[in-house]
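Worksheet: the structure to be examined is printed underneath.
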Amino acid sequence: GGNGPVLSVENVDVRFGGIHALKGVSLSVNTGEICGLIGPNGAGKTTLFNSITRLSAVTAGSIRLCGRGIETVPARQIIRLGIARTFQNLGIYGGMTVLENVMLGAHHVTGGSFLGAILRPGLTRRRESEIEQNCRAILDELDLSGVAEEAAGSLPYATQKRMEIARALASRPTILLLDEPAGGLTHSEVAEFGELVSRVRDHHGVTIVLIEHHMGLVMRLCDRIEVFHLGRNLASGTPAEVRANPAVIDAYLGRT
Ligand code: ATP
C-alpha cells in the first residue's frame, strides 16, 4: 500500500470463449481521483469493472487494491475490501424504504447481491442503531432525508440514482465504481448529479472511477480519462489532452 495507487490494473486479459474482451488492459488510479473510462460500445469498460469486482475471471494480468492482489478474492468479499459499485441498471429494492436500501449497503449488500445472502444474524441492536445513524447522516448529505421512509420504488429515477450512491457510500468504500451513472437522466439532472459526485469525493475522500457516455459530464468532472477501444487502452490524460488526441477523435469523439 503506502503511497502507491489505490487501484492498479496491469495487463489484464479477459476471454469469453472465443471473444477476447480485454487485451492487456492497464489502469492506475490515485487516492481521491475521479477517473473517467470512455470508449465506444463494446470497448470493454464494463468487463473491466467486472474483472475488478471479480464477476469476470481474468485470464492474465494483475489487479491490486492498495497494493494487495485481489485477482483471486471471491466476488462476495470485494465490497468488504472497500470496492463499492453501481450497475448500468438500477439494483434497488423497490418495496423497501430508502433508509432500508441504504442500510443494506452498510451490511455490504449491493444491487448485484441476493437479498437472502445477507441477512446476517447476531448483529446487536446497538450496532444496528449505529448503522442507522450513519446511514441517516449519508441521506442528509445527499438531500435524501425527506424521502428516508418512502418506498424506494416510488421515487423519481434521478432520486433512485442518488440513493444508489448513498447505499454505496454506506459500505464505507475506498473506491467507488460507477457504471454509466448519468444514463437516463435529463440535462439538468446530469448537472446536479455531477455536482453530487464531486461533493462525495471531497467529503468522503473516496476515489471514483466512472464509465460514462455523457461527454459533457466526463470532461467537467474527471481529473483524468482513460480511453478504451476494442478491448485495449487507446489513450489517457486530462480531459483537455484526451479531447485533443487525434486517435481518440478518430475512434470515438468524432462519431458522437
Ligand atoms: P458498453 O458501453 O456498451 O457498456 P463496454 O465498453 O462496457 O460497452 P463490454 O460490455 O465490457 O463493453 O463488452 C466488451 C466485449 O465483451 C463485447 O464484445 C461483449 O460482447 C463481450 N462480453 C462482455 N461480457 C460478456 C459475457 N459475459 N460473455 C460473452 N461476451 C461478453
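The values are calculated or read from the model by the stated rules, or taken from the named source; none is laboratory data. Only a predicted model underlies this, so the values are computations on that prediction, with no experimental measurement involved. Cβ atoms come from the backbone with ideal geometry, glycine included; neighbour counts cover every protein chain shown. Note: accessible area is taken over every heavy atom of the protein model, side chains too, but ligands, DNA and RNA are not part of it. Shrake-Rupley method; radii C 1.70, N 1.55, O 1.52, S 1.80 Å.
If only residues of segment 183-199 that are in contact (Cβ under 8 Å) with a residue 40 or more places away in the chain and open to solvent by less than 10 Å² (accessible area, probe 1.4 Å) are counted, the one that is farthest from LEU48 (Cα to Cα) is LEU196. Looking at segment 217-231, is at least one residue free of Cβ contacts under 8 Å to residues at least 12 places away in the same chain, away from the ligand (no atom under 16 Å from the Cβ) and open to solvent by 20 Å² or more (accessible area, probe 1.4 Å)? Among the residues of segment 217-231, not one is free of Cβ contacts under 8 Å to residues at least 12 places away in the same chain, away from the ligand (no atom under 16 Å from the Cβ) and open to solvent by 20 Å² or more (accessible area, probe 1.4 Å), which makes the answer no.
Inclusion of SER51 among residues that are away from the ligand (no atom under 11 Å from the Cβ), among the hydroxyl-bearing types (Ser, Thr, Tyr), modelled with pLDDT of 95 or more and open to solvent by less than 50 Å² (accessible area, probe 1.4 Å) is not warranted. Within segment 8-20, the set of residues being within 8 Å of the ligand (Cβ to nearest atom) and open to solvent by 20 Å² or more (accessible area, probe 1.4 Å) comprises PHE16, GLY17, ILE19.
Just one of the listed residues (LEU55, LEU90, LEU65) is more than 20 Å from ARG172 (Cβ to Cβ) and in contact (Cβ under 8 Å) with a residue 60 or more places away in the chain, namely LEU90.
Of all residues in segment 142-160, those satisfying the criterion of being of a type outside the set (S, T, N, Q) and under 19 Å from the mean Cα position of the chain (by Cα) are LEU142, TYR157, ALA158. Out of all the residues in segment 49-74, which are under 13 Å from VAL14 (Cβ atoms) and in contact with a Lys or Arg (Cβ under 7 Å, 6 or more places away or on another chain)? The answer is PHE49, THR53, THR59.
In summary, LYS45 fulfils each of the numbered conditions (1) near the ligand (Cβ under 8 Å from one of its atoms); (2) more than 22 Å from THR174 (Cβ to Cβ); (3) not small (Gly, Ala, Ser) with the single exception of condition (2). The sole residue among ILE208, ILE131, ILE165 that is in contact with a Cys (Cβ under 9 Å, 6 or more places away or on another chain) and open to solvent by less than 10 Å² (accessible area, probe 1.4 Å) is ILE208. Annotation: of all residues in segment 55-86 being open to solvent by 60 Å² or more (accessible area, probe 1.4 Å) and under 30 Å from THR159 (Cβ atoms), the one that is farthest from the ligand (Cβ to nearest atom) is ARG80. Would you confirm, using the coordinates I've provided, whether GLY24 is within 13 Å of the ligand (Cβ to nearest atom) and on the phi > 0 side of the Ramachandran plot? No: the conditions fail for GLY24. For segment 30-41, filtering for residues that are within 16 Å of the ligand (Cβ to nearest atom) and in contact (Cβ under 8 Å) with a residue 60 or more places away in the chain leaves 6. Remark: pairs (first residue in segment 1-29, within 21 Å of ARG224 (Cβ to Cβ); second residue charged (D, E, K, R) and in a strand (DSSP E or B); Cβ separation under 7 Å; 6+ apart in sequence or on different chains) = SER8/ARG64; LEU22/ASP13; GLY24/ASP13; GLY24/ARG232; VAL25/ARG232; SER26/GLU10; LEU27/GLU226. THR53: in contact with a helix residue (DSSP H, G or I) (Cβ under 8 Å, 6 or more places away or on another chain) and hydroxyl-bearing (Ser, Thr, Tyr), yes or no? So THR53 fits the description; yes. Could you tell me whether segment 241-253 includes any residue that is modelled with pLDDT of 95 or more, open to solvent by 10 Å² or more (accessible area, probe 1.4 Å) and more than 16 Å from the ligand (Cβ to nearest atom)? Yes: one or more hits.
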